[in-house]
1. Hey, what did segment 2-77 get for relative contact order, percent, Cα under 8 Å, at least 6 apart?
2. So, how do all the Cα-to-Cα distances of segment 2-77 break down into 10 Å bins, in percent, from 0 on up?
3. Give, in nm to one decimal, the length gained when the segment between R14 and E122 is fully stretched (0.36 nm per residue of separation minus the Cα-Cα distance).
4. For a quick check: with amide H placed at 1.01 Å from N, whose amide H comes under 5 Å from E78's, ignoring anything fewer than 5 positions away on the same chain?
5. When the convex hull of the C-alpha atoms of segment 15-130 is computed, what volume per residue in Å³ does it have?
6. Can you give the alpha-carbon Rg of segment 70-125 over 2.2 N^0.38 Å, where N counts its residues?
7. Using the Karplus curve 6.51 cos²θ - 1.76 cosθ + 1.60 with θ = phi - 60°, what ³J(HN,Hα) values do you get for each residue of segment 56-68, in whole Hz, with x for Gly and Pro?
Amino acid sequence: MEEVLEADYPALRRFLGKRRFSRLAEHYMAAYPSHDYTLDRLGSGLPKFIESLRDLPAPEFCLDLARVECALAEVLSEAPTQPVSLEQIASVAREDWEFARLRPIAALRLIACNYPVSEYLESLESGKPAKLSSKQKTWLAIHRSVFRVRRIELTRAAFVLFSALNSGETVGIVLTHSSLRDGPLTCRQRGAAGGAHQTLSGARSIWHSHRRHWSGLAPRIRGSSKS
């Protein structure tokens, strides 16, 4: 079973070393024994288990790394979800965008980290020496497109925007919320967020730029109290 955990957490295993990772795996499996017929979700509780430990080197970094690698594994195994189509976007009347909600695809995770974990993973993937960097807040969107898993670094403003949308807030509330003004968006993320905080003029841009993240729209029907 340790091999299953190594497959899901290769970067964590490399950071800790074989002996320390083996000990972690042994203690984890004793605390979270598998009762499932498949081992696909064997490591899903590892981030929570690591959170309770105090004897790991750089425990906060280990937790961030475990959370990101867990999300990568989960996204890879999620059932496919058809993203929202351009026709669906076009079918929403301009006056209904304020009340529109989205349904995120199953293969999407948003993660806030205390360390630049994506930078660490990129070094490993490119064969460069991977070193533990100083603490730095980073925000990630992890999703699967067809059979490829992608990591996208976000600004805090974009992370807040997408988190609010994923939680079921309406487009109108999200785009007018004051918390979205915490720092400027990059050009790429301004396209994703529509570059609008006070109006709904950017609503369509959210779906056009990142529609692969959403499985559908749930706009309110005009004249109805449903939302």
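The numbers here are math on the coordinates, done by the rules we state, and not lab data. Only a predicted model underlies this, so the values are computations on that prediction, with no experimental measurement involved.
1. Computed value for segment 2-77: 39 percent relative contact order.
2. 20, 60, 19, 1
3. Length difference between fully extended and current span is 37.5 nm.
4. Amide H to amide H, under 5 Å and 5 or more residues apart or across chains, E78 pairs with nothing.
5. 179
6. Computed over Cα atoms of segment 70-125, the ratio equals 1.63.
7. Listing the rounded values in order: 8, x, 6, x, 5, 5, 4, 5, 4, 4, 5, 5, 5 Hz.
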